[in-house]
Amino acid sequence: MTDLDERIASELREQAEGEIDTGRLLRGSRALGRRRQVRRRATAGTALALVGVLGFTGAVRADLGGLAGRMPWTAATPEAAPPPMPPLADGVPGALQRPDLVGTDPQVLHLGVDTTRARYLGWSVHSSNRVESIRFSVGDGHPVLLEVSPVAKALDNTSIDGFPTQAVSGRLAFDGGVLRVAGTDGLVTSWQPFPGLYARAATLRGDVAALKRVAGLVRWDEARRCTGPVRLTTLPANAAVTSCSVDAAAFPKSLTAQLTVFREPSSTMWMKLIYGAEMGEDTGRASNRDLGGRPGFRYPDGNRLELLGLPKVRLTVDFAWPFPGYGPPGQVNFAEADAATVLAGTQVAQDLTRPQTWP
């Protein structure tokens, strides 16, 4: 199950009244994704189709500085450039002091890692299912994904990126034992760092020793801001950011940041920023929208807006449910005006390779 699958299923379980056939939803979404991918490959020639949260359909130059074919697990941070890290959130208690706050604020991570022994590759907070995560490398550089939540089911009943779907569902004992995932070299361990908090760590490589060292690398008494090179300053009425995600595994050659905006009862908007050091400047699209005095482009499908004029950056907002016929009961999409409001007030760092300048 992909991150998109998991998040859509999670939103449906929380927002819908009654049971939702999530299996049907996921099958439909994957089938639609495959059909879209075939169409893109047929029309894009040798260009690379960037697939974002909902499928990034804009064609760009094939070499995006590490984006092509790269999954979060397999990308390596270049040694010459120190990777970014989420900045400290001064005055905010860590998970050790307030485990009940974990996953409640999409802008805060209530933990960190020892950067003298580990390197940040990415971080995220999803308040819809109360999960915070950090991806980092240890030892010989094998990536490890650490997820924490005050709710055991949030970890035990969800799949892990890169693992077979439902490979660990219902199998975690949270006792510190190591589970080897059948059919892969993947390992998973789960434990309770202290009362009120559950943790799950996974690696695609079968290094039991490295996985057992993860707990000792975590700093439970600090808090950090879930931030990236993009910041939203305006939101539609009654809407709020519910998730934040940054992938810096291939930094400084590429970088991805995602934000989810939600409004009761069922409207969801996805913003995605993709930076590529070798991304072409000319997108080949002329502005057909004015976004607060900034050039914008509405895609032919009518459900996506892009802010133009950002060097080496693609910044888009998908403001409609991506899989017609598979949404929750009473699904209501955001309007184009809502997406325009978000993009018009978006702040993007002038130099994405200098994290100290991020807004």
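The values are calculated or read from the model by the stated rules, or taken from the named source; none is laboratory data. Model, not experiment: these values are computed from the prediction. Virtual Cβ from ideal backbone geometry, glycine too; neighbours counted across all protein chains shown. These accessible areas exclude ligands, DNA and RNA; they are computed on the full protein's heavy atoms, side chains included. Shrake-Rupley method; radii C 1.70, N 1.55, O 1.52, S 1.80 Å.
Within the range 248-264, residues that are farther than 20 Å from GLN347 by Cα have Cβ atoms under 8 Å from residues that are basic (Lys, Arg) in these pairs: ALA249/ARG70; ALA249/ARG135; ALA250/ARG70, counting only partners at least 6 apart in sequence or on another chain.
Please verify whether the range 193-209 includes one or more residues that are of a type in the set (D, E, K, R) and more than 22 Å from TYR120 (Cβ to Cβ). There is no residue in the range 193-209 that is of a type in the set (D, E, K, R) and more than 22 Å from TYR120 (Cβ to Cβ). Determine whether the range 288-297 contains at least one residue that is open to solvent by less than 30 Å² (accessible area, probe 1.4 Å), assigned to a strand (DSSP E or B) and within 14 Å of VAL348 (Cα to Cα). Among the residues of the range 288-297, not one is open to solvent by less than 30 Å² (accessible area, probe 1.4 Å), assigned to a strand (DSSP E or B) and within 14 Å of VAL348 (Cα to Cα), which makes the answer no.
The set of residues in the range 231-284 that are within 13 Å of ALA339 (Cα to Cα), in a loop (DSSP other than H, G, I, E, B) and among the polar types (S, T, N, Q) comprises THR233, THR234. May I ask you to verify whether ASP90 is free of Cβ contacts under 8 Å to residues at least 60 places away in the same chain and of a type in the set (Asp, Glu)? Yes; evaluated as a whole, the condition is true for this residue. Taking the numbered list (1) over 30 Å from GLY170 (Cβ atoms); (2) under 14 Å from the mean Cα position of the chain (by Cα); (3) modelled with pLDDT of 95 or more; (4) polar (S, T, N, Q) in turn, SER245 passes all entries but (1). Name the single residue, out of those in the range 195-219 being hydrophobic (A, V, I, L, M, F, W, C) and under 17 Å from ALA173 (Cβ atoms), that is surrounded by the fewest Cβ atoms within 10 Å (Cβ to Cβ). Looking at residues that are hydrophobic (A, V, I, L, M, F, W, C) and under 17 Å from ALA173 (Cβ atoms), I get VAL208. Has the range 92-109 got any residue that is of a type outside the set (A, V, I, L, M, F, W, C), open to solvent by less than 20 Å² (accessible area, probe 1.4 Å) and either part of a strand (DSSP E or B) or under 26 Å from GLU264 (Cα atoms) (or both)? Yes, the conditions are met somewhere in the range 92-109.
In the set (1) crowded, with 23+ Cβ neighbours inside 10 Å; (2) in contact with a helix residue (DSSP H, G or I) (Cβ under 7 Å, 6 or more places away or on another chain); (3) in a loop (DSSP other than H, G, I, E, B), the condition left unmet by GLY228 is number (2). Just to be sure I understand, how many residues within the range 112-147 are of a type in the set (A, V, I, L, M), more than 18 Å from the chain's Cα centre (by Cα) and at pLDDT below 95? Of the residues in the range 112-147, 2 are of a type in the set (A, V, I, L, M), more than 18 Å from the chain's Cα centre (by Cα) and at pLDDT below 95.
Screening the range 258-278 for residues that are farther than 26 Å from GLN331 by Cβ and in contact with a strand residue (DSSP E or B) (Cβ under 6 Å, 6 or more places away or on another chain) and picking the one that is most open to solvent (accessible area, probe 1.4 Å) gives TYR275.
Does at least one position in the range 331-348 carry a residue that is open to solvent by 10 Å² or more (accessible area, probe 1.4 Å), within 20 Å of the chain's Cα centre (by Cα) and within 21 Å of THR233 (Cβ to Cβ)? Yes, the range 331-348 contains at least one residue that is open to solvent by 10 Å² or more (accessible area, probe 1.4 Å), within 20 Å of the chain's Cα centre (by Cα) and within 21 Å of THR233 (Cβ to Cβ).
Look at SER266 and say whether it is hydroxyl-bearing (Ser, Thr, Tyr), farther than 21 Å from GLN107 by Cβ and touching a Gly at 6+ places or on another chain (Cβ under 8 Å). Yes; evaluated as a whole, the condition is true for this residue. Residues that are open to solvent by 40 Å² or more (accessible area, probe 1.4 Å), over 21 Å from the mean Cα position of the chain (by Cα), over 19 Å from GLY216 (Cβ atoms) and of a type outside the set (S, T, N, Q) within the range 155-194 comprise GLY170, ARG171, ALA173, ARG180, ALA182, GLY183, ASP185, listed in sequence order. Could you look through the range 267-285, keep only residues that are at pLDDT 90 or above and of a type in the set (Gly, Ala, Ser), and pick out the one that is farthest from GLN350 (Cα to Cα)? Looking at residues that are at pLDDT 90 or above and of a type in the set (Gly, Ala, Ser), I get SER267. Please tell me if ALA223 is within 30 Å of PRO359 (Cα to Cα), surrounded by 21 or more Cβ atoms within 10 Å (Cβ to Cβ) and among the small types (Gly, Ala, Ser). In short, yes. Selection within the range 125-146: residues that are outside any strand (DSSP E or B) and touching a Ser or Thr at 6+ places or on another chain (Cβ under 6 Å). The member of this set that is most open to solvent (accessible area, probe 1.4 Å) is ARG130.
For the range 185-221, a residue qualifies if it is in contact with a strand residue (DSSP E or B) (Cβ under 6 Å, 6 or more places away or on another chain) and part of a helix (DSSP H, G or I), and the qualifying residues are VAL208, ALA210, LEU211, VAL214, LEU217.
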